[in-house]
Amino acid sequence: MTERVSLSHGSGGRQSQQIVAELLAPFTRRGIGPELEDAALLPGGYAMTVDGFTVSPRTFPGGDIGHLCVCGCVNDLAARGASPDFLGLGLVIEEGFSAEELRTYMESAARTCADLGTVLAAGDTKVVPVGGVDGVLITGCAFGRVQTPHPLSLGNLRPGDHIVVSTSIGRHGATIAASRFNLDVVGLESDCAPLWPAVRPLLALDGLRCMRDCTRGGLGTVLCEWAEGSGVHVALDEESIPLSPQVRSLCDVLGFDPLYMACEGCMAVAVDASQTDRLLALLRASPLCGEAAVIGQVTGGEPKGMVSMRTLIGGERLVDMPTGELLPRIC
Amino acid sequence: MPGDLRAAVEALRRLAEESATAVTVMEVCGTHTVSAFRSGLRSVLPKSMRLISGPGCPVCVTDQGEIEAALSLLRRGVVVVAYGDMFKVPSASGSLASMRGEGHDVRTATSAMDALRVAEENPGREVVFLGVGFETTAPATATLVREARRKGIANLSVLSFHKRTPPAVEALAGAADVQISAFLLPGHVSVITGHEPFRFLADRFGLPAVIAGFDPEQILLAMVEIARQIRAGAPELRSVYGTAVRPEGNRKALGLLDEVFSVRDARWRGIGLIPDSGYGLRGDYGDFDAERRFSLVIVPGTPPAGCRCGDVLTGRITPPQCPLFRTACTPLSPVGPCMVSSEGTCGAYFRFHREERT
Ligand code: SF4
């Protein structure tokens, strides 16, 4: 049992899984717990998700916390093939916070919603004394209709399936890291974007197995969860993973592995290999997914439940689920 | 795979075939360790060539007693500023991360100068920078101390656990029970120190020593160079790092180190005391020495029961040979620093190594 919550419990890797399981135990014990997917599929063909956002800095190249919150919720729904019909927003605001700044975030959240046809259906604001929260904490809840004939799930992967990413990886995490560590990387921008319009056409493919937006923990974490969830081996090819030179150089400087850098506008997709070409063509029709690429394949081999990667220099290595916060190396 | 890489792998294979002997290369630096794993380089090496990790992960070689000293400062209400990689290292009474979880004031630094800012922003509190790392990070700590004096910042001091690479390498080259055929030396240390401090490897021990950068291409080139020297029976110190390493090193950084630090014996976790392998603050910078300011007595730590980090750090065993590896010791509940540090050998084996896990 965890004694105290640490930042590593929030980093999306192994420890996050652990604390989530502990916190859900009272529900799972009673048989009323959720499945551990991006969004829940509800009876009647509905889907629902909740996601909380604090980010420092709150405005970053490529977006701000308002836009980020909407994208995060919408992408969770999209990953399960559901349209972003309704949104609820809960704001916890620190006393003294600039109202002007808040309005900016609401403006950008509203713009993103309007583009998607998402309606703000409910909301709540709380103000807490100084120190009660760091500036502002925004929690979004999104609700929509499932538009796939069969449920997409991380348990669906089968040997032979292709793994696709919709765009180059790690841009959000790298952007935030760059501003936290005061590194100026020219041309680096968060990928923060709503993916529903891009993935909606994919839902017609009956070979579509699973989708996941690679947020905290990055692509690497998502694929580890898939391999575990389906009990299969996933083989990646490093050379084919789209990676911008900016993300690559930032990771080099800080000693980070781009596979674990957060994305906010990148979908990982598993698809029956016979439909890969069709899927890529559909994805690439979206301006957000021009770099979509097949990056690996599910195999029937060993090690089951794990991900391995053929590296740029032709070697092999494991891709493990990360543990702990991403911290820059010392030298 | 790019053509020049393929050529290098091919060259290595040919050289390995020609000289029948098994070759064990120690990579001194933790960044080399991780790069060799992450890039899959280890898996393309010829069977007769082996890379083993050395004592070059700054977090791993910081003695338990030194971490305890930092924790004791936190308990006295001091603000401790440390490189992020230090946070999770377990010690007898906790870690910087667990202390932060209990409400103590620990801050992450990406550069030593961050500590100056923290001290300026908290004039009413004592701020201590935890100086760890080798010749690469020591100059930044020296700059910090000099700046603190120049600006007259009285609430900042430094706990200097900086270590010098050459004495540790020398200790290993001379160790009777570790068979090392050659050394892979870190380019970024050599940028500071220059070539000279490592020449003894070829001159006195007859060992090839090649300085290389961190990317897999450089490591491969270095391995080719090592194999070539071994086949020719002509060990020497060479650099494949290009022009960044000047044979005389970085005079400015060396001058700075000289001005602020004096060389002293240092305790390496799991290895023990190595003469002249550490940097302590010079007497005339004594005001900024946290050991003095807080009258700290640093008691050498005993490694956690069963942990064989010392043997891992000296190449005597590989992590899977430690009985705790992957059983009692995992990145989630690390027993030793070699499992917890992002550059630690045990952690690298755990994360990237496949054979042992199937
Ligand atoms: S596996 Fe764990 S216990 Fe064993 S040497 Fe490595 S860090 Fe120490």
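Every residue, every condition in (1) outside any loop (DSSP other than H, G, I, E, B); (2) farther than 27 Å from B:PHE37 by Cα; (3) open to solvent by less than 10 Å² (accessible area, probe 1.4 Å), yes or no:
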residue	(1), (2), (3)
A:GLN275	yes, yes, no
A:ARG278	yes, yes, no
A:ALA281	yes, yes, no
A:GLN297	yes, no, no
A:PRO303	no, no, yes
A:MET309	yes, no, yes
A:ILE313	no, no, yes
A:LEU318	yes, no, yes
A:MET321	no, no, yes
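Per the conditions (1) at the interface with chain A (Cβ under 10 Å from one of its Cβ atoms); (2) over 17 Å from B:PHE161 (Cβ atoms); (3) open to solvent by less than 20 Å² (accessible area, probe 1.4 Å); (4) not aromatic (Phe, Trp, Tyr), the sole criterion not satisfied by B:PRO319 is (1).
Of the residues making up region B:332-352, those that are more than 10 Å from the ligand (Cβ to nearest atom) and either touching a Ser or Thr at 6+ places or on another chain (Cβ under 8 Å) or among the basic types (Lys, Arg) (or both) number 4. Quick test for you: out of A:CYS251, A:CYS266, pick the one residue that is modelled with pLDDT of 95 or more and either over 11 Å from the mean Cα position of the chain (by Cα) or open to solvent by less than 30 Å² (accessible area, probe 1.4 Å) (or both). None of the other options fit; the residue is A:CYS266.
Under the condition of being in contact (Cβ under 8 Å) with a residue 40 or more places away in the chain, away from the ligand (no atom under 16 Å from the Cβ) and either hydrophobic (A, V, I, L, M, F, W, C) or surrounded by fewer than 14 Cβ atoms within 10 Å (Cβ to Cβ) (or both), the residues counted in region B:260-286 number 8. Within region B:341-356, the set of residues being open to solvent by 20 Å² or more (accessible area, probe 1.4 Å), in contact (Cβ under 8 Å) with a residue 24 or more places away in the chain and facing another protein chain (nearest Cβ under 9 Å) comprises B:SER342, B:PHE350, B:ARG351, B:HIS353. Across region B:133-158, the number of residues qualifying as closer than 12 Å to B:GLY280 by Cα and open to solvent by 10 Å² or more (accessible area, probe 1.4 Å) comes to 0. Taking the conditions (1) surrounded by 24 or more Cβ atoms within 10 Å (Cβ to Cβ); (2) out of contact with any Asp or Glu (no Cβ under 6 Å at 6 or more places or on another chain) in turn, B:PHE161 satisfies each one other than (2).
In region A:79-99, the condition of being within 24 Å of A:PRO242 (Cβ to Cβ), in a helix (DSSP H, G or I) and open to solvent by less than 30 Å² (accessible area, probe 1.4 Å) is met by at least one residue. For the residues B:MET86, B:MET113, the requirement of being open to solvent by 50 Å² or more (accessible area, probe 1.4 Å) and either within 27 Å of B:VAL169 (Cα to Cα) or of a type in the set (A, V, I, L, M, F, W, C) (or both) singles out B:MET113.
The values are calculated or read from the model by the stated rules, or taken from the named source; none is laboratory data. Keep in mind the model is a prediction, meaning the values are calculated, not measured. No Cβ is skipped: glycine too gets one built from the backbone with ideal geometry, and neighbour counts run over all protein chains shown. Areas reflect the complete protein model, heavy atoms only, side chains present, ligands, DNA and RNA absent. Shrake-Rupley method; radii C 1.70, N 1.55, O 1.52, S 1.80 Å.
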